[in-house]
Amino acid sequence: MSKVIQLRKELSKISTGYGLMSLTWKEPPVPMDQAFKTMHQVIKLAQARNHKAFFNVGEFYGPDYRNLTYCKEFFAKYPDLRKDVIISCKGAYDGINFVCQGKHDQVIDSVKACVQNIGGYIDIFEPARLDMEICSKDEVYPRETFEALAELIEEGVIGAMSLSEVVAKEITAVHKDFAKYLACVEVELSMFTTDILHNDVAKVCSEYGLIIICYSPLGRGLLTGQIKTNNDIPEGSYQKAISWFHGDRLKQNLVLVQFLENEIRLKRDAAHAVSLTQIALGWIKHFNSRKEFSGARFIPIPSGSTLDKIEQNFDEDKCKITDEEFTKIEDFLKNFETQGGRYEFVHE
C-alpha cells in the first residue's frame, strides 16, 4: 500500500483535526508550555478513539517559523507521540508580502526549510495558494509546483500533497495529473462561509473521494458566541481587523449567532445540552451523512489554546446535530448573507 493511500485511510478515521495557527500567529503567541498541554490533549483524545491526531501547521504562521518550532520542540519533548500524528504543513508562500512562491525551486526550498524547522518528516505539504502568475496562458494551475512536490514525495521527504484555497476546475486538473499523490483539499467552511457547498468544490471532492479539511469552522471565533463587539477580540489577534467584526457588518453577522442560540441551543433539553461551538462543528460533520457528498469526508480543524476549549471542540458525542436541527439551520442560511469579505481588512 502506498503512503498516500495509507494517509487517506488514516484521515478517513478522523472526525476533528487541530489547527495550530492561532497558537503562534499573534503577538504575543500562546506560551509554549500552554500550547504543549493542548497539543498533548488532542493526541490523547485521538489515541482514545484508536486513530491518529491531525495537526495543521504553517510555514508562515508567525515569524521565524514559530509555528513549526512549537511542533519541533513538542516532539523533542514527547518523541514517542510523533507516530500518532499526521502533520499537514502549508507553505510555498511569503506570508509577509503575501506573495505565492510556486516555482519549482521555490517549492523545493520551502519544503526543505519546513522539514528542517519542524525537525523531520512532514506527512502532507500544501502550497498555501496556487501561484497563477507562473502559469502559461493555457494552464489551469501551475504544474511545476506539483511536479516539485511529486519529486519530494518520491524521495520520501514528504508523504503526500494537499491543495489549499482552490476552485473546482483546479481540483479537477490537479487530480487528473497527480491523483496518486493527492491526499486532501483544505478550504474554508463554516456557516459564515458556505461557498464550497455551492461552487462545486465539495462536489468534485466527493467525486474523487477526497478528504475536505475545513479551516475556520468557527467563523474565526464568531460562532463561539463569545464575540459581541470588536473589543471582545484580544489585541494582537488578526481577527480584530477582519471586516466581519466591525460596525454594522458585525451587527448583521451576529443575527446568525443569535438564531443558533435561540432556535438550536436553547431548545435542547438539559440532557442534550451543547455549546454554540459544538453546534457549529456538528453542522459541518453532518455533511458526512449527506448523500450529495457521500464520496468526501469533511474534517473541521478548530484551534483551541486551553484545555477547556480542546475538551469542548473534540467532544465527538456533543459535536452532533439532529436532522431536524440541520434542516432548520439550512433554511435560515438560505436567507442569510455574511457581511464583509473573508480577507477584507479594516484599520480603524
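Observations on the model:
- Pairs of alpha carbons in the range 227-348 whose separation is greater than 16 Å (percent): 68
- Once the C-beta distance of E311 and D200 is scaled by a Förster radius of 41 Å, the resulting FRET efficiency is 0.70 to the nearest 0.05.
- With the convex hull drawn around the C-alpha atoms of the range 286-348, the volume per residue stands at 163 Å³.
- Segment R268-E292, length gained on full extension (0.36 nm per residue, minus Cα span): 5.9 nm
- For S303, the residues whose modelled amide H falls within less than 5 Å of its own, excluding neighbours fewer than 5 places apart on the same chain, are G19.
- Cα-based Lys pair tally, the range 165-317, threshold under 17 Å, eight or more apart or on separate chains: 7
- Taking amide H as placed 1.01 Å from N in the peptide plane, the amide H of F298 sits under 5 Å from that of I212, N288, each at least 5 places away or on another chain.
- Difference of contour (0.36 nm per residue) and Cα-Cα distance, I96 to K13: 26.3 nm
- Under Karplus coefficients 6.51, -1.76 and 1.60, residue-wise ³J(HN,Hα) of the range 24-33 in Hz, glycine/proline x: 10, 8, 6, 10, x, x, 4, x, 4, 5
- As a length-normalised measure over Cα pairs under 8 Å and 6 or more apart, the relative contact order of the chain settles at 19 percent.
- Tensor-based shape of the range 1-136 (alpha-carbon gyration tensor, a/c under 1.5 rounded, otherwise prolate or oblate): oblate
- Rounded to the nearest Hz, the phi-derived 3J(HN,Hα) couplings of the range 158-167 under the Karplus curve 6.51 cos²θ - 1.76 cosθ + 1.60 (θ = phi - 60°) are 10, x, 6, 10, 10, 9, 9, 6, 10, 9, where x marks glycine and proline.
- Counting Cα-Cα pairs of the chain in 20 Å increments starting at 0 gives whole-percent bin shares of 31, 61, 8.
- Amide H partners (placed H, <5 Å) of A53, local residues excluded: V85, I86
- Contact order normalised by residue count of the range 125-237, Cα under 8 Å, 6+ apart, percent: 21
- Relative contact order, whole percent, for the range 1-88 stands at 33, derived from Cα pairs under 8 Å and 6 or more residues apart.
- Distance between the 7 Å Cα→Cβ label points at E324 and Y78: 4.0 nm.
- Value at 222 nm in deg cm²/dmol, rounded to 500, when DSSP H runs of n ≥ 4 in the chain each add -39,500 (n - 2.57): -11500 deg cm²/dmol
- Taking θ as phi - 60° and the Karplus parameters 6.51, -1.76 and 1.60, the scalar couplings of the range 298-315 work out to 8, 10, x, 10, x, 8, x, 10, 10, 5, 4, 5, 5, 4, 5, 5, 10, 7 Hz in sequence order, x denoting glycine and proline.
All of the numbers you see were taken from the coordinates with simple rules; none came from a lab. Only a predicted model underlies this, so the values are computations on that prediction, with no experimental measurement involved. Every residue, glycine among them, receives a Cβ derived from its backbone with ideal geometry; neighbour counts consider all protein chains shown.
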